[in-house]
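For reference, the structure is listed below as structure tokens.
The values are calculated or read from the model by the stated rules, or taken from the named source; none is laboratory data. Everything numeric here is computed off the predicted structure, so don't read it as measured data. We place every Cβ from the backbone using ideal geometry, glycine too, and count neighbours over all the protein chains shown.
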Amino acid sequence: MTTQREQAWMIAKERFAAVGVDAEAALRQLDRLPVSVHCWQGDDVAGFENPEGQLTGGIQATGNYPGKARNARELRADLELAFSLIPGPKRLNLHAIYLESDTPVSRDAIKPEHFSRWVAWAKENHIGLDFNPSCFSHPNSADGFTLAHANDDIRQFWIDHCKTSRRVSASFGEALGTPSVMNIWVPDGMKDVTVDRLAPRQRLLAALDEIISEKLNPAHHIDAVESKLFGIGAESYTVGSNEFYMGYATSRQTALCLDAGHFHPTEVISDKISAAMLYVPRLLLHVSRPVRWDSDHVVLLDDETQAIASEIIRHNLFDRVHIGLDFFDASINRIAAWVIGTRNMKKALLRALLEPVEQLRQLEAAGDYTARLALLEEQKCLPWQAVWETYCERHDAPAGSQWLESVRGYEKAVLNQRG
């Protein structure tokens, strides 16, 4: 007997075929687009380097929902539940402060061995790993400067941290057979009126050049750099601005990271993708949701998330754009936040894959903007949800909100016991 979901799938296939879209092909392509899930949502960016450490450098997690992960074992268990509720391929994005060691390890001395359990876990779960040096929440970042610091010793500490991080990243790629994207973001800047804006940028430029001077196998490791408009304590001046990093990524041919929360409230990164792709070999996207500022709210299936996905799909940027998430909300269940945000990113990608791109492009080239707008609007009403539910079913993931029952059960049995 044919189920209602199967009937809906068959009808959806026919509806999309009528506008020239192969729904099966869309699902196959979606299976080639992993989303890199950020580990720091699970513990409010605390990491395991120093349990008593306080967040600094413009990093802030708000809320005190019970049950956050207190160690790597708990964090991996939480991730396993989240991943089971998210269909399709995933990656995990780690920060350096998520190392595991029985003794304290200085950040400029981290090694692949400090992440060996993460690699073993990634192998078991058939996922890739990405990485980030952690240039914040440390005594050497207390005055708001790291790679642009005027003190040679402090600046060298952070240079060495980034160098060792690159080797850790490359070890991930080599062990897992998929390149690790390592993103460098620093909080460097000033709170108030700044007189010398040039010297810190000169120091940052030289520091980055030293960091990437060691040649690593691109099959194992990809360098990315990330800008920001401002941060807490750096409201007046951010050393690593958009112009700085656009120039750096272009001239050094690194990947450029565009974070949806790192620009003026009226700016969107979807419009920047096609422009940046003319000059840089790769993009790393940090999909987030700013509310008035870089507040890193859980990703919604909103217009900008959809626009980001559409830019990737419309321009066939599958092999040049790496999709990562970056939000941390401690006011709701942290596992639910992962599931909601990641599923929304994947839904946006699917909706973009179900768009009749060639037909729309032809209408645009012919100057038929009336038909272009009409088809784009009608497209929103086509039964993409039936295609999504089929995709979930094929990956043994809940198709609708039933996943919340699993999270609630886990919260009662596990999270609430953490105190």
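General observations
- Hey, I313 in a helix (DSSP H, G or I), closer than 28 Å to K347 by Cβ and more than 15 Å from the chain's Cα centre (by Cα) or not: yes
- The single residue among G173, G144 that is in the same structural domain as I97 (by TED's automatic domain parsing) and either assigned to a strand (DSSP E or B) or at positive phi (or both) turns out to be G144.
- Residue within segment 368-377 that is of a type outside the set (D, E) and either within 18 Å of P34 (Cβ to Cβ) or assigned by TED's automatic domain parsing to the domain that holds R282 (or both) present: no
- Residues in segment 187-225 that are hydrophobic (A, V, I, L, M, F, W, C), under 23 Å from the mean Cα position of the chain (by Cα) and surrounded by 14 or more Cβ atoms within 10 Å (Cβ to Cβ): 7 in all.
- In segment 121-133, residue surrounded by the fewest Cβ atoms within 10 Å (Cβ to Cβ) [restricted to those that are assigned to a loop (DSSP other than H, G, I, E, B) and in contact (Cβ under 8 Å) with a residue 12 or more places away in the chain]: I127
- Only a single criterion out of (1) among the charged types (D, E, K, R); (2) more than 30 Å from A275 (Cβ to Cβ); (3) surrounded by fewer than 22 Cβ atoms within 10 Å (Cβ to Cβ) is not satisfied by D319, namely (2).
- Counting only helices (runs of 4 or more DSSP H) wholly contained in segment 1-101, the ones carrying 2 or more residues that are outside the structural domain of H161 (by TED's automatic domain parsing) and touching a residue at least 12 places away in the same chain (Cβ under 8 Å) occupy 4-17, 23-30.
- Positions within segment 102-120 being charged (D, E, K, R), in a helix (DSSP H, G or I) and either in contact with a Leu (Cβ under 9 Å, 6 or more places away or on another chain) or closer than 15 Å to S165 by Cβ (or both), in sequence order: R107, D108, E113
- Subset of segment 290-310 (residues that are in contact (Cβ under 8 Å) with a residue 24 or more places away in the chain, of a type in the set (V, I, T) and either in contact with a Ser or Thr (Cβ under 8 Å, 6 or more places away or on another chain) or in a loop (DSSP other than H, G, I, E, B) (or both)): V298, V299, I308
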